[in-house]
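A short worksheet on the structure shown next.
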Amino acid sequence: MKKLAGILVVFMAVVMAACGNQSSDEPNQDEVSEVTFTEIISNIKDQVSAELKAEGVDDLSQTLQEADLKDTEDENSVADIWIEKMKLNPNLLAHGTVIAALMSVNADEIILLEAKDEDQVDELKTSLENELAGQVQTWKQYLPEQYEKVKNNKIVTKGKYLLYVTYTNPETIEKAFNDSF
């Protein structure tokens, strides 16, 4: 019996030592990786660029325009138009970018928002839902194939980040967003 107790004590000591010497290379489950708005939007742009290159478009700016929703210095800026259209309160934003089609015959829109505070995410989500309602109204009667994109729209939130996607392959943009974290 003493021999069994001794083996048990040695076994427990080995197990405890192994648990205590966890490699520093292994990620700690409690650590949350910090990601920046710039990293997320860069990942999204890389995904869009890759898809456009596959279609023979070399430069994102040939088919899409980009607007910084924090750039409201100029009167009648593109950002102001988007802010008004979405009924968005710009004071809630730490960052915001819209990537949208240059031509009004394409419903593509990718909007990434970062709330100043996580408590403001719901209000910002309402603004994105306003944009979706506007897209539905526009495309439902205008171009049926573009309306299909709108029907497949995705609005995703993660922490204080919000993503709005009306796009040919919204799942690829959502994946680029999620893979950023």
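What follows is calculated from the coordinates using simple rules that are stated; it is not laboratory data. Quantities reported herein were computed from a predicted structural model and do not represent experimental measurements. Using ideal geometry, Cβ is built from the backbone for each residue, glycine included, and neighbour counts are taken over all protein chains shown.
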Of 36-43, 173-180, ordering from highest average Cβ density within 10 Å down gives 173-180, 36-43
Along the dipole axis of the stretch 59-181 (charges at Cβ: +1 for Lys and Arg, -1 for Asp and Glu; origin at the Cα centre), the most positive-end residue among Y167, A79, S127 is Y167
Here, the stretch 59-181 modelled as identical Cα point scatterers in vacuum has Debye log10 I(q)/I(0) at q = 0.10 Å⁻¹ of -0.28
Between M103 and K85, the two model label points (7 Å from Cα along the beta-carbon direction) sit apart by a distance in nm of 1.7
Once the in-chain neighbours fewer than 8 apart are removed, the lysines whose Cα is under 19 Å from K140 read K85, K149, K151, K154
Cross-link reach from K116 to aspartates and glutamates, straight Cα distance under 20 Å and at least 8 residues apart if same chain, gives E34, E39, D68, D71, E73, D80, E84, E129
